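Have a look at the structure below before the remarks.
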Amino acid sequence: MEEPVANISKHFDGLQDPRTGNPKQHIFLEILIMAICAVICGVDGWSDVELFAKNKKTWLKTFLKLPKGIPLGMGRLRRPASEQVVEIRMDSVYDKLS
């Protein structure tokens, strides 16, 4: 059986990291997975995703590396084009789960 992160990563292969500027200290795929988990739990908005991740850090560390901990300021990922691509790829994940 595949690891959950490896399974999800297939759906996001080739997705470009929209972050610019400062060095990317956090693993982009892990940020996406945190957001997916948060949305499944009913979270709405990046600031709530960050709060969810902080509150669930112990659980998230059971399947994510989180070498630099929980990222701060996840709202910087918000770009209309990247959101559309993530939505399309999430459809692929949902299809696999159905």
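The values are calculated or read from the model by the stated rules, or taken from the named source; none is laboratory data. Just so it is clear, the model here is predicted, and its values are computed rather than measured. As a convention, Cβ positions derive from the backbone with ideal geometry for all residues, glycine included, and neighbour counts pool all protein chains shown.
Within the stretch 49-69, if we keep just the residues that are free of Cβ contacts under 8 Å to residues at least 24 places away in the same chain and in contact with a helix residue (DSSP H, G or I) (Cβ under 7 Å, 6 or more places away or on another chain), the residue that is surrounded by the most Cβ atoms within 10 Å (Cβ to Cβ) turns out to be A53.
Sub-8 Å Cβ pairs linking a first residue in the stretch 1-26 that is of a type in the set (D, E) and surrounded by 13 or more Cβ atoms within 10 Å (Cβ to Cβ) to a second residue that is in a loop (DSSP other than H, G, I, E, B) and at pLDDT 75 or above, at least 6 apart or interchain, are D17/K24, ordered by first then second residue.
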